[in-house]
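What follows draws every value from the coordinates through simple rules; no lab data is involved. Please read all numbers here as calculations on a predicted model, not as lab measurements. Glycine gets a Cβ as well: all are built from the backbone with ideal geometry, and neighbour counts include every protein chain shown.
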Amino acid sequence: MNSFNEELMDERYPEGYFDHYIAMFQSEMNRSGFKEHADLYIKIEGYSEYKKLVDEIQCIGKNNDWDYFVYLAKELGKDNLDYTHIKELGEVAIEVCNEYNG
């Protein structure tokens, strides 16, 4: 059993962009791999969807909901994505977005 209020999380993140982003993750567990993942996501989903993902990640950071996404990563079988990796994955996504907005 988890200690998260699933209803609140669904309310905060109804589109599940970061869930999807985590589920797609197959890159190396470092900044370079996280950047590669961001670039691939943009190629597959398009920049407008990527921007929505980044908006959601910024909300996650503001609400400090990283632990919830660590829990989701485990549920998705991504056991190697711990708190540090999840947070860095989000931070790199924001950095890539900022580079696009240059």
State, to one decimal in nm, how far the label point of SER32 lies from the label point of LYS74, with both points 7 Å from Cα in the Cβ direction. 3.1 nm
Just check the stretch 3-52 against the gyration tensor rule for me: Cα atoms, a ≥ b ≥ c as the square roots of the eigenvalues, rounded for a/c under 1.5, and otherwise prolate or oblate depending on whether a/b exceeds b/c. oblate
Just flag the GluC sites (Glu not before Pro) in the stretch 3-43 sitting in loop per DSSP whose Cβ has no more than 12 other Cβ atoms within 10 Å. GLU15, GLU28
Can you give the local net charge around LYS62? Use residues other than it whose beta-carbon is closer than 11 angstrom to its beta-carbon, Lys and Arg +1, Asp and Glu -1. -2
Among (i) 14.4; (ii) 13.6; (iii) 14.9, the entry matching Kirkwood radius over Cα pairs in Å as calculated here is (ii)
May I ask for the angle, rounded to the nearest 10°, between helix 47-63 and the longest principal axis of the chain, with both axes built from Cα atoms and the value confined to 0 to 90°? 40 degrees
Using a Gaussian network for the chain with springs between C-alpha atoms less than 10 Å apart, which of these wobbles most: GLY77, GLY33, GLY90? GLY77
